[in-house]
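Report on the structure given below.
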Amino acid sequence: MTTLEQTKALPAGTWTVDIVHSEIGFSVDYMAGTFRGSFSKFTAELADGKLSGTADVSSVQVKDPNLEAHLQTPDFFDAERYPEISFESKRVAREGDKLAIDGEITIKGHTEPVEITGVISDPIDDPYGGTRFGLKAEAKVDRDKFGVSWNNPLPSGEPALSNEVTIIVELQLSKQA
């Protein structure tokens, strides 16, 4: 994006996530493919032009219950000491349906700046008497900066798990009265 407009970047008012029609997840390169997971308990809100949200670390979902348990340990999220991942926007810019968000993400009690890119839909009236809009966005973070440093070396000596993690967010937000 070259020139992003600050005006009308996000809809006015207070909007909260429709958790049934939304998802927060992540992907990371692992060995010869991609490992994916998601969080089943999370919040997201747009209020006063700021987008914020949290993910409950204990709600992480992957395809193996043993791995879900391992992700709770200090090797990864350390859920007992740091039960939440949080995000807060600092600047939002929009050009057409493209969105650029600068904010801060906190993982394992450590906060880092993050750049998020995505697309946004304009608000629509839903069939239930409400108003909602959609937001799809991604951000890349270096997990090592947050102390999420576990790895398992391959026979070649290369790490099995990439440090670069893509956070993937698909939200439907509903206007509050």
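The values are calculated or read from the model by the stated rules, or taken from the named source; none is laboratory data. Because the structure is predicted, anything quoted here is derived from the model rather than measured. FYI the Cβ positions are ideal-geometry reconstructions off the backbone, even for glycines, and counts take in every protein chain you see. The accessibility values were calculated without ligands, DNA or RNA, using every heavy atom of the protein model including side chains. Shrake-Rupley method; radii C 1.70, N 1.55, O 1.52, S 1.80 Å.
Worth pointing out:
- The set of residues from the stretch 53-69 being open to solvent by 30 Å² or more (accessible area, probe 1.4 Å) and either under 30 Å from residue 15 (Cα atoms) or in contact (Cβ under 8 Å) with a residue 12 or more places away in the chain (or both) comprises 54, 56, 58, 61.
- Restricting 89, 52, 38 to residues that are in a strand (DSSP E or B), farther than 15 Å from residue 147 by Cβ and in contact with a helix residue (DSSP H, G or I) (Cβ under 9 Å, 6 or more places away or on another chain) narrows the list to 38.
- Selection within the stretch 141-151 - open to solvent by 80 Å² or more (accessible area, probe 1.4 Å) and more than 18 Å from residue 87 (Cβ to Cβ): none
- Positions within the stretch 105-147 being assigned to a loop (DSSP other than H, G, I, E, B), charged (D, E, K, R) and touching a helix residue (DSSP H, G or I) at 6+ places or on another chain (Cβ under 9 Å), in sequence order: 108
- Restricting 50, 90, 41, 98 to those that are under 18 Å from the mean Cα position of the chain (by Cα), surrounded by fewer than 17 Cβ atoms within 10 Å (Cβ to Cβ), closer than 22 Å to residue 137 by Cα and touching a residue at least 60 places away in the same chain (Cβ under 8 Å) reduces the list to 98.
- Whenever a residue of the stretch 137-148 is closer than 27 Å to residue 119 by Cβ, its partners that are open to solvent by 60 Å² or more (accessible area, probe 1.4 Å) and of a type in the set (Ser, Thr, Tyr), lying with C-beta atoms within less than 7 angstrom and at least six residues away or across chains, give the pairs 137/117; 138/117.
- Against the conditions (1) under 17 Å from the mean Cα position of the chain (by Cα); (2) open to solvent by 70 Å² or more (accessible area, probe 1.4 Å), residue 103 satisfies every one except (2).
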